[in-house]
Every structure is written in C-alpha cells, then in structure tokens.
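Note sheet for the following structure.
The values are calculated or read from the model by the stated rules, or taken from the named source; none is laboratory data. Computed from a predicted structure; not experimentally measured. Don't worry about glycine lacking a Cβ; one is built from the backbone with ideal geometry, like all the others, and counts go over all protein chains shown. Side chains are part of the model used for accessible areas, which takes the heavy atoms of the whole protein and leaves out ligands, DNA and RNA. Shrake-Rupley method; radii C 1.70, N 1.55, O 1.52, S 1.80 Å.
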Amino acid sequence: MSKLYENLARVINESSMTEGEKQKALKSLLESQNAKPNVLITGATGCGKSSTINALFNAEKAKVGTGSTPETMQIAKYELGNLTLWDSPGLGDGVEEDKQHSKGIIDLLTKKDENGNLLIDVVLVILDGSSRDMGTSYELINKVIAPCLGDGKNKRLLIGINQADVAMKGRYWDSENHKPEPPLETFLKDKEKSVHDRILDGTGIAVQPISYSAGFKEEGEPQEPAYNLSKLLYYIIDNIPAEKRLNVVENINTNRDMWQSDDGLDNYREKTKDSILDNLGLVGQVVKGVIEVGKAIWEGISSFFGWF
C-alpha cells in the first residue's frame, strides 16, 4: 500500500466512525487503490507533450516502456504506480509516419482491459497555441480519435492548448506572475472558442479546450512555473472514472510553483478535492456526515501533496 493510501487508512481507523462504517470505507479505499487509470497524450510534433507530462506528473520516477502490440510499439508507456501514461509520437513529420502512428493510436483507443472495458480512460490532445496551422491536429481528432471514442466520447476527449505564453509571439505575457495580460486573455478565449466550434462541426463532440502553459524548460535546467496547470489537472481527473481518480492525484508534480498561476475563473484545487471525495465512494458518503473525519482526510491529503 502506498504512503498516501496508508495515510488515509490510518485516518479512517482513528476516526469516530463505527466499525461497520470503517470496514465499508476501507473496502472502498482498497478498491480505489486497485483501479488503474490510463491516459493517452497525443498531438502534432512540437506541441509540448513531453513538457506537459513533466509539468503534470512526477514522470522522472516512471517506469518507461512501449506498447505491447506491433501497432503501439512506437507509443511510449510511463508507469507511475497504478497510473499509466501513453505518449504517442507527434504527427506531422511525414505521410507514412503519420499512418503508422495513427494505427497505433486507433489500436490503443480500441483496446480493452481484463474486465472488457476500454483501456484508455481519457485522451488528451495537445494543440500548439503559438501556431495558426492546426490542420494536422484537426485531422488527428476528426479522423483518428473521434471515431474510436465509443459511447463515452464526450468524457474521453480533452483538448489542451499549450504555449499560451507565446500565443501572441510573447506579447502581453506577464512573465513575473506567469499569466496572460487582458489582451492575451481575450486572444486565448477566442482561440478556445474557435477550436471548440471546429471540433463540434467535425465530430459532433462538444469539448471545452483549456489554454495553458507547461512552462519552458532548457535541457538540464528546472522547468519554469506553469499557467493553468491546476485547471488542466482538474479536467483530467473529473473525466476519469471516480474510482480511479486518487491514483492520478497521487502522482502529480510536487513542485508547488507549477500550480500557483491559473485563470482565476474557479477554485480548481477545491474542485479537485471534490472529485477526490467522489473517488472515495463509500468513504465520501460516510465522511459527508462526519465533519471531523472529512477534515482529517483533507488534512491527510493536503499534508501529502503540499499544494492543496
């Protein structure tokens, strides 16, 4: 059992709940620990997939491998405890390469787990916010990804627009506070709407794109603080099945600076907490009626991550 789960189990055992309630809560916690989320991250070459993965998660601790079938051998597989990230090669480097990579994505999106459920919980498509040419990305979404999403297509597709800091060639970016100034905010909102509309027209899927910056990183140097990463994390977690969410949060980047700057439109950390409470299932149902236990669980989670 991981340290986080040990922490939560201790909180439950030391709580004022009845023995019956404790057993239900601990059973739910065990089921959560064994639920394995899978996230596919893809996009055109140069969109910033690697920097996004490093910004969101403790990827340097990951066990790295590749897909298990010939079609997915080009897709990198990062295993962080029970969380698996699949990093597809960028599209746009050539017709034959794109065909091969597309086959790998299709194979992965239609693959099922040992329980007969689709393996990939969500696919995050990253767009380059500094580029006007998104033809490759729309082709990927419309012709490769959307047809493979099945009945849960509105929950399985997420769109991130990276490199918000250079969307207007570096203009109107507050580098000290790592956030856009009003003219850039307006520009990003317009781009989000344009992307939303094009995807809706092409696929019938209504998805809300999220503008963000993963933070620039020189080789061998620390990654710069990100923008809107907490919003992106919340949307990833909220679209993953509830019983799997805690395993995503357990592997997030512990660098507090990466989570401080966002668009201020909502309290994404509190919303992430709410998603975690949903994740706890029976624990959540019990906790909602036992204030001191709920407080103790939040303190247990907060002390583990630091940025909540």
Inter-label distance for Glu19 and Glu31, nm, one decimal - labels placed 7 Å from Cα along Cα-to-Cβ: 2.2
Ranked by how many other beta carbons lie within 10 Å on average, peptides 129-137, 80-88 from highest: 80-88, 129-137
Probe 1.4 Å, all protein chains present, accessible-area order of Arg10, Arg156, largest first: Arg10, Arg156
Cβ-Cβ FRET estimate between Ser131 and Asp151, R0 fixed at 35 Å, reported to 0.05: 0.60
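Using a 1.4 Å probe on the protein chains only, how many percent of the accessible area of region 168-283 belongs to carbon and sulfur? Walk me through the numbers on the way to the answer.
On the way: 2460 of 5550 Å².
On region 168-283, the fraction of accessible area on carbon and sulfur atoms equals 44 percent.
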Probe 1.4 Å, protein heavy atoms only - accessible area per residue of region 192-271 in square angstrom: 44
Anisotropy class of region 189-241 from Cα gyration tensor, a/c 1.5 cut: prolate
Given charges at beta-carbon only (K, R positive; D, E negative), |dipole| of region 213-260 in Debye: 260
Cα-projected label distance for Gln260 with Lys99, points at 7 Å along beta-carbon direction, nm: 5.1
